[in-house]
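Working notes for the structure below.
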There are 2 protein chains.
Amino acid sequence: MSLLVIGSVAFDSVETPFGKVEDVLGGSATYFSASASYFTDIKLVAVVGQDFPEKHVRFLKKRGIDVKGLQVTDGKTFRWKGRYDFDLNQAHTLDTQLNVFASFKPRIPEEYKDTPYVFLANIDPVLQLEVLGQVKKPKLVACDTMNFWIERKLKELKEMLGHVDILTINEAEARELSKESNLVKAAKCILSYGPKAVIIKRGEYGALMFSDSSVFSAPAYPLESVFDPTGAGDSFAGGFMGYLSNVDNISDRYIRRAIIFGSVMASFDVEDFSLNRIKNLTNREIETRFRAFKKLTHFEDL
Amino acid sequence: MSLLVIGSVAFDSVETPFGKVEDVLGGSATYFSASASYFTDIKLVAVVGQDFPEKHVRFLKKRGIDVKGLQVTDGKTFRWKGRYDFDLNQAHTLDTQLNVFASFKPRIPEEYKDTPYVFLANIDPVLQLEVLGQVKKPKLVACDTMNFWIERKLKELKEMLGHVDILTINEAEARELSKESNLVKAAKCILSYGPKAVIIKRGEYGALMFSDSSVFSAPAYPLESVFDPTGAGDSFAGGFMGYLSNVDNISDRYIRRAIIFGSVMASFDVEDFSLNRIKNLTNREIETRFRAFKKLTHFEDL
């Protein structure tokens, strides 16, 4: 199957206790696509400015990503600048320049409209809904969001959630969206908005998936070197949706495996700045780490 | 096999967002013993004052706990007063009255000295070492500690760690003890002090075990109602050591199961104040929750 993603393609400047980078390739749709490209065919919808270098487009194409939906418009590409301290779970935004993103109107190319798997990365929920209106009966729609939209467009966000199957969201944002401090209650509240499942991302503590009939807990991989958490959530979503699109099966057993593949991709992402680690993985490396997750969590039943 | 524990028996006054209790039964050795008593024979070494009511002793005996090592001396029983806010991972100590604990000299009854499994709950590392000097070649020794001793008796703590097999420790304290923010590095550092394994307790995020040859991640059970986290770490240790003493096997596969049994007992403990939830469990309830942990974490290998 194939997988459509709409989100941001950006330049990131990031500082962590272990180093800094400036104007490197970033953006939610970029991380998502690169990660998912190991599993399935990707169709990318995003916008960049005239300053977006050809080498980045070549990289996306090299990963087999269909970039017909990548609009190039007058102006500068979206830029994000952030810092992480030793608590790598918490990003501190230093500067956001929306640039061409400010007036972005997503247009889904005609040949994308039948894509069965759709991921709406973290953008304005109004745009997320607009995209959903353009695709024809997808088999599975997942989305992400953030505190910015919870605080500014709660009504639109809730409406959008009525149209998606799965929400991926950070732990603190799940609490903020539901106004519940207890995570089980928060998940139940979010499910009442419409999604069939919610995946709560907990950074170095892994992820928790709640649906009406199942709860699944996945750890994060204990890494000795974590350089830069930027893109971990989108790499997770890419592995998750990429695997589901690949197997074309959304039953609980495949959802669980997909969450582990998501965790695998996130664990690679944080090992280096930008997409440096996830741009050149082998299938063997991905499978080896999947098996390491199995070993990490395995215990014998009674 | 049987299991010796040395630690505190105390009165706790606790306030959480969900209620408050005053002068209820608490203490590390109490939680540990009650939890472990579902799995194995317990020998308790601790001290209380003249104010310690007979009903609490009757409760311990009713759970089959051997209280010959429970000294009753002139003075008042150890008292702790604490508060938890909505972030239930963080206890705020409001008052500590050591009372009879200030001059406690542990005396291990003669018939306790051959006990093969030993747990040194969180007390002064000097006392922990003194106890170790009194028992004869135990098969497995585990201990707990806290920031208080890391900050005041680091030298003695490190010496004590050279004599134990397993350390259980909170995540923040593992970082403090090792001076490493990365948890994998922190664990390696702690293993270099002597223990063959370290179990890092992460509250609602579960536990991580590191040894030279194995890493194991266990989640916490996602509960809709968490009333009072007091005693969760000691209930964990009780389930962990109780199970190992029961099966009398300390190979990796049993260590992993023991960590799940510890997580099971901690998950019951936090459901109510004091020992209210863990004082009257059935084996069936314990096994059912163990299986729920299996379901919570299960995914198919490749």
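The values are calculated or read from the model by the stated rules, or taken from the named source; none is laboratory data. Remember, predicted model here, so these are calculated numbers, not experimental data. Because the Cβ atoms are built from the backbone with ideal geometry, glycine has one as well, and the counts that use them run over all protein chains shown.
Annotation note: of A:V118, A:V135, the sole residue that is surrounded by fewer than 22 Cβ atoms within 10 Å (Cβ to Cβ), closer than 21 Å to A:A36 by Cα and β-branched (V, I, T) is A:V135.
Residues are listed down the side, and each one gets a yes or a no for (1) within 17 Å of A:K105 (Cβ to Cβ); (2) in contact (Cβ under 8 Å) with a residue 24 or more places away in the chain; (3) among the hydroxyl-bearing types (S, T, Y):
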residue: A:A121; (1), (2), (3): yes, yes, no
residue: A:D124; (1), (2), (3): yes, yes, no
residue: A:L129; (1), (2), (3): yes, yes, no
residue: A:V141; (1), (2), (3): no, yes, no
residue: A:T145; (1), (2), (3): no, yes, yes
residue: A:W149; (1), (2), (3): no, yes, no
residue: A:K155; (1), (2), (3): no, no, no
residue: A:K158; (1), (2), (3): no, yes, no
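Scanning the stretch A:201-231 for residues that are β-branched (V, I, T) and part of a helix (DSSP H, G or I) yields a total of 0. Has the stretch A:265-276 got at least one residue that is of a type in the set (F, W, Y), crowded, with 20+ Cβ neighbours inside 10 Å and in a helix (DSSP H, G or I)? Yes: the stretch A:265-276 contains one or more residues that are of a type in the set (F, W, Y), crowded, with 20+ Cβ neighbours inside 10 Å and in a helix (DSSP H, G or I).
Of everything in the stretch A:25-40 that is polar (S, T, N, Q) and assigned to a loop (DSSP other than H, G, I, E, B), the residue that is nearest to A:K61 (Cα to Cα) is A:S37.
Close Cβ contacts (under 7 Å, 6 or more residues apart or on different chains) running from residues in the stretch A:12-23 that are of a type in the set (S, T, N, Q) to residues that are modelled with pLDDT of 95 or more and assigned to a strand (DSSP E or B) comprise A:S13/A:V21; A:S13/A:E22; A:S13/A:D23; A:S13/A:K81.
In a residue-by-residue description of the stretch B:34-53, the property of being among the aromatic types (F, W, Y), touching a residue at least 40 places away in the same chain (Cβ under 8 Å) and over 30 Å from B:N249 (Cβ atoms) applies to at least one position. Among the conditions (1) modelled with pLDDT under 95; (2) assigned to a strand (DSSP E or B); (3) more than 30 Å from B:E180 (Cβ to Cβ); (4) not polar (S, T, N, Q), the only one that A:K105 does not satisfy is (2). A:R79 passes every criterion in (1) touching a residue at least 60 places away in the same chain (Cβ under 8 Å); (2) exposed (fewer than 13 other Cβ atoms within 10 Å of the Cβ); (3) among the charged types (D, E, K, R) apart from (2).
Scanning the stretch B:79-105 for residues that are under 15 Å from B:S274 (Cα atoms) and aromatic (F, W, Y), we see that the one that is nearest to the other protein chains (Cβ to nearest Cβ) is B:Y84. Go through the stretch A:287-297 and give me each residue that's facing chain B (nearest Cβ under 7 Å) and not hydrophobic (A, V, I, L, M, F, W, C). Scanning the stretch A:287-297 gives A:E287, A:R291, A:K294, A:T297. Among the residues of the stretch B:222-256, the ones that are of a type outside the set (A, V, I, L, M, F, W, C), surrounded by fewer than 22 Cβ atoms within 10 Å (Cβ to Cβ) and within 14 Å of another protein chain (Cβ to nearest Cβ) come to 11 in all.
When A:C189 is tested against (1) in contact with a Phe, Trp or Tyr (Cβ under 8 Å, 6 or more places away or on another chain); (2) in a helix (DSSP H, G or I); (3) of a type in the set (A, V, I, L, M, F, W, C), exactly one condition is not met: (1).
Give me the pairs, please: first residue somewhere in the stretch B:168-195 and within 14 Å of chain A (Cβ to nearest Cβ), second residue anywhere and modelled with pLDDT under 95 and in a helix (DSSP H, G or I), beta-carbon distance under 7 Å, and either six or more positions apart or on two chains. Filtered contacts from the stretch B:168-195: B:E176/B:N147.
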